[in-house]
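The values are calculated or read from the model by the stated rules, or taken from the named source; none is laboratory data. Predicted model only: the values in this text are computed from it and were never measured. So basically every Cβ, Gly included, is an ideal-geometry build from the backbone, and we count neighbours across all protein chains shown. All accessible areas refer to the heavy atoms of the entire protein, side chains included, with ligands and DNA or RNA removed. Shrake-Rupley method; radii C 1.70, N 1.55, O 1.52, S 1.80 Å.
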Amino acid sequence: MQIIDGKAVSKSVKESVKAECEALKKQGVTPGLAVIIVGEDPASQVYVRNKEKACEECGFYSKKYALPEDTTQEELNALVDELNKDDKINGILCQLPLPGHLDDKEVINRIDPIKDVDAFHPVNVGAIMIGDYNFLPCTPAGVMELIHSTGVDVSGKKAVVIGRSNIVGKPMAMLLLHENATVEITHSRTQNLSEVTRTADILVAAIGKAKFVKSDMVKDGAVVIDVGMDRDENGKLCGDVDFDDVKDKCSYITPVPGGVGPMTIAMLMKNTLTAAKIQNGIK
Ligand code: GUN
């Protein structure tokens, strides 16, 4: 078994983004990312801080908009409108989840699709479906990079995704399909789940349940990717996969932390760079 080092892969993605950013700057273009965060959710604050740090590493301009918990939908919409028009800003990211009185969908739909570096806007989701896209959603795109880093060829393999969220499960299945995997999406209502997951050459767990995937759910020699960010019974960060139970059964496995997490941010940087290029007519 080999551990897939998400920190190392993300570092190499960020280094290539940084090099491209330097070339863009010589043409007078500095990629810019606006990050909106509403309220005080501690996990969201950590993610946003890491996104700002990555912008700095890559040489981007970044601006954080930290809005109070009681921000109204109208105020949030007005900020998005302003950022859509701001030439210094190429990418707009509104950290989710939003406080309960605000509508995620309304904000996502308001972001100009060409600045939607999360690829959450219906226009970008549709583009992914037909395989003709500017941006890939960051977490699934990061998972694909991790799979590529193993050298395992996805084409013709059986891939099983556990989870069907709009952010991870559904687009994940589509990206695997684009690379000619035979894909099965499973979820909380799937019958005989372990029987299905045991058919997977590539197993992606994105369900949000701590240590849910056990060794009896994994095929010998499978590539196991853990998208989970959960807490175990002692409050310690862990994934959707029971790492210690599964590790000897698979060929490759991602750890939590240090697996998929750092990749999500690296792919956000890549999308912001792409957005800057498109908006400035640079190939
Ligand atoms: N919250 C958890 N993951 C994400 C993400 O990828 N993008 C945004 N905007 N919010 C998130």
(request) Output the residue which, of all residues in the stretch 49-66 that are surrounded by 19 or more Cβ atoms within 10 Å (Cβ to Cβ) and not aromatic (Phe, Trp, Tyr), is farthest from Val38 (Cα to Cα). (result) Cys58
(request) Show the residue pairs that are 6+ apart or on different chains and have beta-carbon atoms under 9 Å apart, the first residue being within the stretch 30-57 and within 19 Å of Lys270 (Cα to Cα) and away from the ligand (no atom under 13 Å from the Cβ), the second being open to solvent by 50 Å² or more (accessible area, probe 1.4 Å) and of a type in the set (Val, Ile, Thr). (result) none
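Which residues, taken from the stretch 218-237, are more than 14 Å from Ile147 (Cβ to Cβ) and open to solvent by 10 Å² or more (accessible area, probe 1.4 Å)?
The answer is Lys219, Asp220, Gly221, Met229, Asp230, Arg231, Asp232, Glu233, Asn234, Gly235, Lys236, Leu237.
Only one residue in Lys158, Lys115 is at pLDDT 95 or above and within 14 Å of the ligand (Cβ to nearest atom). Which one?
The unique qualifying residue is Lys115.
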(message) Anything in the stretch 86-108 that is out of contact with any Phe, Trp or Tyr (no Cβ under 8 Å at 6 or more places or on another chain), more than 14 Å from the ligand (Cβ to nearest atom) and open to solvent by 80 Å² or more (accessible area, probe 1.4 Å)? List them, or say none.
(response) Asp87, Gly100, His101
(message) Can you say whether Asp81 is acidic (Asp, Glu) and in contact with a helix residue (DSSP H, G or I) (Cβ under 8 Å, 6 or more places away or on another chain), as far as the supplied structure shows?
(response) yes
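Can you tell me which residue among Thr272, Thr264 is touching a Pro at 6+ places or on another chain (Cβ under 6 Å), open to solvent by less than 50 Å² (accessible area, probe 1.4 Å) and within 16 Å of the ligand (Cβ to nearest atom)? First the steps, then the outcome.
Numbers: Thr264 fails: touching a Pro at 6+ places or on another chain (Cβ under 6 Å).
One residue alone meets the criteria, Thr272.
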(message) Looking at the stretch 129-144, can you tell me whether even one residue there is in contact with a Pro (Cβ under 6 Å, 6 or more places away or on another chain) and within 13 Å of the ligand (Cβ to nearest atom)?
(response) yes
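So, restricting to helices (runs of 4 or more DSSP H) that lie completely within the stretch 1-101, which ones have at least 2 residues that are basic (Lys, Arg)? Walk me through how you get there before you give the answer.
Values: elements: 6-26, 42-58, 73-85.
Because the criterion is at least 2 residues that are basic (Lys, Arg), the helices (runs of 4 or more DSSP H) in the stretch 1-101 that meet it are 6-26, 42-58.
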